[in-house]
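Okay, so here's the structure we're looking at.
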Amino acid sequence: MQYLDNIIFLILLVAGFGLFGKSLLKIYRNIRLGKEINRSDRKAERWETMARVAMGQSRMVKRPVAGILHLFVYVGFVIINIELIEIIVDGIFGTHRFLATIFGHTFYNIFTATLEVLAILVIIGVVLFFIRRNFYGVKRLTMKELFGWPKNDANWILIIEFALMVFFFTMNSSDLILQQRGVLAEHGSFPISQMTLVPFFDIFNFDSGFLVFVERAAWWLHFVGILFFMNYLYYSKHLHIILAFPSTWYANLNLYGKFNNLDSVTAEIKLMMDPNADPYAAPAEGAVTEAPSKFGAEDVFDLNQVQLLNAYSCTECGRCTSVCPANITGKKLSPRLILMKTRDRLEEVGRNIDKNGKFEDDGKKLLNDYITKEELWACTTCNACTEACPVLLDPLSIIFEMRRFLVMEQSAAPQELNLMMTNVENNAAPWQYNQADRLNWAKD
Amino acid sequence: MDFTIKTMADYAAEGKSPEVLFWVGCAGSFDDRAKKITKAFCKILNKIGVDFAVLGQEESCTGDPAKRAGNEFVFQMMAMTNIEVLNAYEVKKIVTACPHCFNTLKNEYPSLGGNYEVIHHTQFLKQLMEDGRLKIEGGAFKGKKITFHDPCYLGRANGEYEAPRMLLEKLDAELVEMKRCKANGLCCGAGGAQMFKEPEKGDKDVNIERTEEALSFEPKIIATGCPFCNTMLTDGVKHFNKNTEVEVKDIVELLAEAEDL
Ligand code: SF4
Ligand code: SF4
C-alpha cells in the first residue's frame with residue numbers, strides 16, 4: 001500500500017485535467033457553431049497585439065488601481081503554473097521539492113523566495129479586490145446586471161485564490177520548521193513564511209508529527225484547489241485567463257469606424273445597377289450564387305466565431321458599460337450584458353446539443369428572448385466600448401449584426417428610421433429634400 | 001456667397017480638374033446650421049486659392065445613417081451610385097466637413113470599388129497650414145476659453161485627435177480639455193442613426209450629459225468638427241439656457257472668424 005498516495009494523486013490529476021479538457025472541447029464545439037470568419041491575415045501584427053494586450057496587459061493600466069492589483073493576481077496565476085510542475089513530479093514520484101535537485105541550492109533559494117513574494121502580492125491584490133468589489137462601491141462592479149451568479153462568481157474566484165495562497169504559505173511554513181528541526185532536508189528559502197506564519201506556529205510549539213500532517217494536508221489542499229479552480233473556470237468569467245489570448249489574437253485590427261460590407265448585398269446591387277445584366281441569365285461559372293440564409297444575426301448561429309469567442313472571453317469587468325453613452329444616461333443598453341447574454345444563449349444551445357445530439361429547435365432566439373430591440377436601438381455606434389475593453393472584445397459588432405437582422409429581415413426598425421431610410425433611398429438624403437436643391441446653399 | 005462655387009461638372013466642361021473635391025454631405029447641404037459651416041469652409045478655401053469643386057446635384061447621401069441603422073441595401077445602393085459618379089470624374093482627393101461622410105468614404109467605399117484619398121476638413125486645413133498656404137492670426141480669440149468635443153467618427157473611429165487641436169491652438173485661445181476627451185471622448189448622442197429618431201427611454205439624453213460636462217468648464221466656445229455634434233450640443237446649450245453665453249462652433253467657423261471672412 002506504500003504507493004497509495006501516488007495512485008490517488010495520479011487519479012486526481014488525470015480526472016482533473018480530463019474534465020478540464022472536456023470543458024475546453026465543449027467551448028470549442030460551441031464556438032464552432034458560429035459562422036467562419038477569416039482573421040488569419042496580418043499575423044505579425046496579431047502576435048504583437050496578443051503579446052502586448054494579453055500578456056503585457058497594456059489596456060489594464062489605463063485604470064491604474066485595478067491595473068496594478070490585477071497585475072499582482074495575474075503574476076500569481078503564472079506562479080501557480082510553474083509550481084504545478086513541481087507538485088506534479090513530487091506527487092507522482094513521491095519526491096519532496098524535486099526542483100531543488102535540478103536547480104541547485106542557490107537558484108532554488110531564489111526561486112522559492114520569489115514565489116513567496118509573488119504569493120503575498122496575490123494575497124494583497126485579492127483582498128483589496130474583494131473590498132473594492134463588495135464595500136467600496138465602484139459603480140460598474142455593483143450594477144444590478146451583476147446580481148446573482150456573476151457577483152458570486154467574482155467573489156468565489158477571489159476566495160479560492162486567497163485560499164490557494166494560504167495553503168501555499170501553510171505548506172511552506174510547516175516545511176520550513178521541519179527543515180529547521182532536521183526532519184526534512186533543507187531546500188529553499190521562504191522569507192514571507194519566515195516572517196508571518198512561522199512565528200505564529202512557533203507559539204504553539206507543535207510536535208513534528210503534527211507539522212508533517214499539516215504540511216501534507218496543505219500540499220494536498222493546494223493541489224486539489226488548483227484542480228478545482230481549473231475546472232471551475234468553465235462556469236466562470238474567469239475563463240478569460242485562457243481565452244484572452246485567442247481573443248486578442250483574433251481581434252479586429254481595422255479602424256473602429258470601418259464596418260464590414262456584406263458581400264452578398266454587393267453582388268445583388270451590382271446586378272441591379274448593371275443595365276446589361278439579365279436577371280434570368282444562368283449564373284456565371286464559379287459565381288457565388290448561394291444567397292446567405294439570412295442577413296444579420298438573430299441567434300448565436302448567425303454570429304461569427306470570433307463574436308462567440310468574445311462572449312466566452314468577457315471578464316464582465318464592465319469597463320465597456322461604464323463608458324457607454326447609452327448606459328450612462330440610463331438606457332437599457334449595456335455592452336457587457338450583450339456579451340453575457342450571448343454567452344448564456346450559447347451555453348443553452350450547447351446544453352440542448354448535449355441532450356439531443358444535435359440542436360433541436362427550442363423556440364427561443366438570442367434576439368428578443370435575451371437581447372431586446374430597445375437595447376439594440378439605443379446604441380450610437382460610438383465605439384467607446386471597444387476602446388475600453390481590456391481584452392479587445394467587440395460588443396458593438398454583435399449589436400450591429402442584430403440591427404441588420406431587424407432591418408433587413410424583419411423590417412422592424414423604429415418608424416422614424418424607416419422614414420429616414422426611405423428618404424435616403426428616394427431623395428438621396430436622410431431628410432425630405434429634393435436632390436436638385438443640394439447646391440442651394442451656394443446661392444444664398 | 002459672394003463668389004461662385006464650381007461643380008465637378010463645371011470643371012469637366014472646362015476640361016480641368018480641381019485640386020480637391022469638397023464633399024458637402026447632407027447636413028452641410030440642407031441643414032441651416034450646418035450650411036454655415038459649409039460656407040465658412042468654402043470662404044477659407046477661396047481666400048487661400050485652393051482649387052476645389054463640389055458635386056452639387058450629383059452628390060448623394062454616403063449611406064452612413066442607413067448603414068449604421070442596419071440597412072446594408074440602401075447603404076450599398078448609395079455607395080455604388082456615388083462611386084460611379086466619383087470614378088467617372090476620376091476623383092483622387094476628397095475633403096469633407098462631416099466625420100460620418102469622411103469615415104464612410106474612407107473606410108467603407110474601397111471594398112466597393114471607390115478608392116480615394118479622403119480627409120477631414122481639419123486635416124486638410126492642418127496640411128494647408130503646414131504647407132504655409134494658410135496663416136492664422138488668432139487675435140479675436142486671445143485668452144477665450146474653448147473646449148473641444150471629439151466627434152466619435154473622427155476620433156475613436158479614425159484616430160484623429162491632433163488636427164483639430166492644432167488648429168485651435170493657433171487661435172491663441174485657452175484650450176481646456178474635458179475629462180472625457182480624445183480616445184475617451186463621450187458621444188454627442190447623434191451617431192449610429194440616432195440623429196434621426198427619438199432616444200430610447202432613460203434618465204437623460206446623451207447630448208445633455210455631454211453638454212453638462214462641457215459647460216462645467218465655463219467655456220466661451222464649445223468647438224467641434226461635425227455638423228451632427230454641432231446640432232446636439234447646440235440643443236444641449238439651449239437646454240441649460242446658456243445659449244447667450246456659450247457658442248457652439250465648428251473649428252472652420254472659428255478660423256473663418258479669425259480671418260474676418
Ligand atoms: S458603441 Fe454602442 S454599446 Fe458601445 S459604447 Fe457606444 S453606444 Fe454603447
Ligand atoms: S466586453 Fe470587455 S470591457 Fe466589457 S465587460 Fe467584457 S471584458 Fe470588460
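The values are calculated or read from the model by the stated rules, or taken from the named source; none is laboratory data. Note that the coordinates shown come from a computational prediction; the quantities given were computed from them, not determined experimentally. Virtual Cβ from ideal backbone geometry, glycine too; neighbours counted across all protein chains shown. Just the protein is used for accessible areas: all its heavy atoms, side chains included, with ligands, DNA and RNA removed. Shrake-Rupley method; radii C 1.70, N 1.55, O 1.52, S 1.80 Å.
Points worth noting:
- Approximate shape of the stretch A:39-115 as ellipsoid semi-axes (Cα gyration tensor, √5λ), whole Å, largest first: 33, 18, 11
- A:Asn276 paired with B:Lys47, simple spin-label distance in nm, labels 7 Å along Cα-to-beta-carbon: 5.0 nm
- Surrounding net charge for A:Ala436, when Lys and Arg each add one and Asp and Glu each subtract one, Cβ distance under 12 Å: -2
- In this simple spin-label model, placing a label point 7 Å from the Cα along the Cα-to-Cβ direction at both A:Val183 and B:Glu212 gives a separation of 6.4 nm.
- Over every Cα atom in the stretch B:157-229, the radius of gyration and the widest Cα-Cα span, Dmax, amount to 13.5, 42 Å.
- Checking the cross-link pairs A:Lys26/A:Lys364; B:Lys39/B:Lys238; B:Lys6/B:Lys197; A:Lys258/B:Lys197 against a 32 Å limit on the alpha carbon distance flags B:Lys6/B:Lys197 as lying beyond it.
- Rounded to 10°, Cα long-axis angle of helix A:4-31 versus longest principal axis of chain A: 10 degrees
- In order along the stretch A:71-78, the Karplus-derived 3J(HN,Hα) couplings, from 6.51 cos²θ - 1.76 cosθ + 1.60 at θ = phi - 60°, round to 4, 3, 5, 5, 5, x, 4, 5 Hz, and Gly and Pro are given as x.
- Formal net charge of residues neighbouring B:Pro151 (Cβ-Cβ distance under 11 Å; K, R +1; D, E -1): -2
- 15 Å cut-off, amide nitrogen to a point 7 angstrom out along B:Lys179 Cα→Cβ, residues in the stretch A:121-148: A:138-140
- Dipole magnitude of the stretch A:395-444 about its Cα centre (Cβ charges: Lys, Arg +1; Asp, Glu -1), debye to nearest 20: 80 debye
- Chymotrypsin sites (Phe, Trp or Tyr not before Pro) within the stretch B:187-261, DSSP loop, no more than 15 other Cβ atoms inside 10 Å: B:Phe217, B:Phe240
- Excluding ligands, DNA and RNA, the accessible surface per residue across the stretch A:292-444 is 34 Å² with a 1.4 Å probe.
- Between A and B, roughly 5600 Å² of accessible area is buried in total, ligands, DNA and RNA not counted and the probe set to 1.4 Å.
- Positive-end residue, the protein assembly as shown charge dipole about Cα centroid, Cβ charges, pick of B:Ala27, B:Leu186, A:Ser193: A:Ser193
- Remark: chain B carries a charge dipole of roughly 280 debye about the Cα centre, counting +1 on each Lys and Arg Cβ and -1 on each Asp and Glu Cβ.
- In chain A, the longest principal axis of the Cα atoms and the axis of helix A:335-356 are about 80 degrees apart.
- Phi-derived couplings, Karplus 6.51 cos²θ - 1.76 cosθ + 1.60 at θ = phi - 60°, listed residue by residue for the stretch A:95-109: 7, 10, 6, 4, 4, 4, 5, 8, 6, x, 4, 4, 5, 5, 4 Hz, with x used for Gly and Pro.
- With helices as the sole contributors, the protein assembly as shown gives -16500 deg cm²/dmol at 222 nm; each DSSP H run of n ≥ 4 counts as -39500 (n - 2.57), and the sum is divided by every residue.
- Among the trypsin sites (Lys or Arg not before Pro) in the stretch A:17-67, those placed in a DSSP loop whose Cβ has at most 16 other Cβ atoms within 10 Å are A:Arg32, A:Arg39, A:Arg42.
- A dipole drawn for the stretch A:1-105 from +1 and -1 charges on Cβ atoms has a positive end, and of A:Ile79, A:Ser58, A:His105 the residue lying farthest that way is A:Ser58.
- Each 20 Å bin from 0 upward holds the following percent of the Cα-Cα pairs of chain A: 20, 45, 25, 8, 2, 0.
- FRET E, pair A:Ser293, A:Val65, Förster distance 45 Å, beta-carbon r, rounded to 0.05: 0.45
- Positive minus negative residues near A:Val198 (Lys, Arg vs Asp, Glu; Cβ under 14 Å): -3
- Fully extending the segment from A:Asp437 to A:Glu48, taken as 0.36 nm per residue of separation minus the present Cα-Cα distance, adds 135.0 nm.
- Taking a span of 15 Å or more along the helix axis (Cα atoms) and a mean Kyte-Doolittle hydropathy of at least 0.0 as the rule, the DSSP H helices of chain B that qualify are B:72-88.
- Cut-off under 5 Å, modelled amide H: who pairs with B:Leu134 long-range: B:Met129
- Share of pairwise Cα separations in chain B, more than 30 Å, in percent: 26 percent
- Placing unit charges on the Cβ atoms only, positive for Lys and Arg and negative for Asp and Glu, gives the stretch B:1-120 a dipole magnitude near 420 debye about its Cα centre.
- Residues whose placed amide H lies under 5 Å from that of B:Phe148, excluding near-sequence neighbours: B:Val176, B:Met178, B:Ala223
- Under Karplus coefficients 6.51, -1.76 and 1.60, residue-wise ³J(HN,Hα) of the stretch A:129-143 in Hz, glycine/proline x: 4, 4, 5, 4, 6, 9, 10, 9, x, 5, 4, 5, 9, 10, 5
- Cα pair distances of the stretch A:308-444 binned at 5 Å [whole percent]: 2, 10, 15, 16, 15, 12, 10, 8, 5, 3, 2, 1, 0, 0, 0
- Pairs from A:Lys237/A:Lys341; A:Lys373/B:Lys67; B:Lys144/B:Lys204 whose Cα-Cα separation, in the structure shown, is over 19 Å: B:Lys144/B:Lys204
- Under a 5 Å amide H cut-off, with hydrogens placed 1.01 Å from N, B:Val248 pairs with B:Ile222 among residues at least 5 apart or on other chains.
- Per residue, the Cα convex hull of the stretch A:99-220 amounts to 132 Å³.
- Counting only GluC sites (Glu not before Pro) that DSSP places in a loop and that have at most 11 other Cβ atoms within 10 Å, the longest clean stretch of chain A runs over A:37-284.
- Under the simplified labelling scheme, the A:His105-B:Asp2 pair shows an inter-label distance of 9.4 nm, with each label point 7 Å from Cα along Cα→Cβ.
- Angle of helix A:395-404 to the longest C-alpha principal axis of chain A, folded into 0 to 90 degrees and rounded to 10: 30°.
- Top positive-direction residue, dipole computed over the stretch B:35-156 with Cβ charges, set B:Thr38, B:Gly138, B:Thr122: B:Gly138
- A:Phe359/A:Ser264 FRET efficiency (R0 25 Å; Cβ-Cβ; nearest 0.05): 0.55
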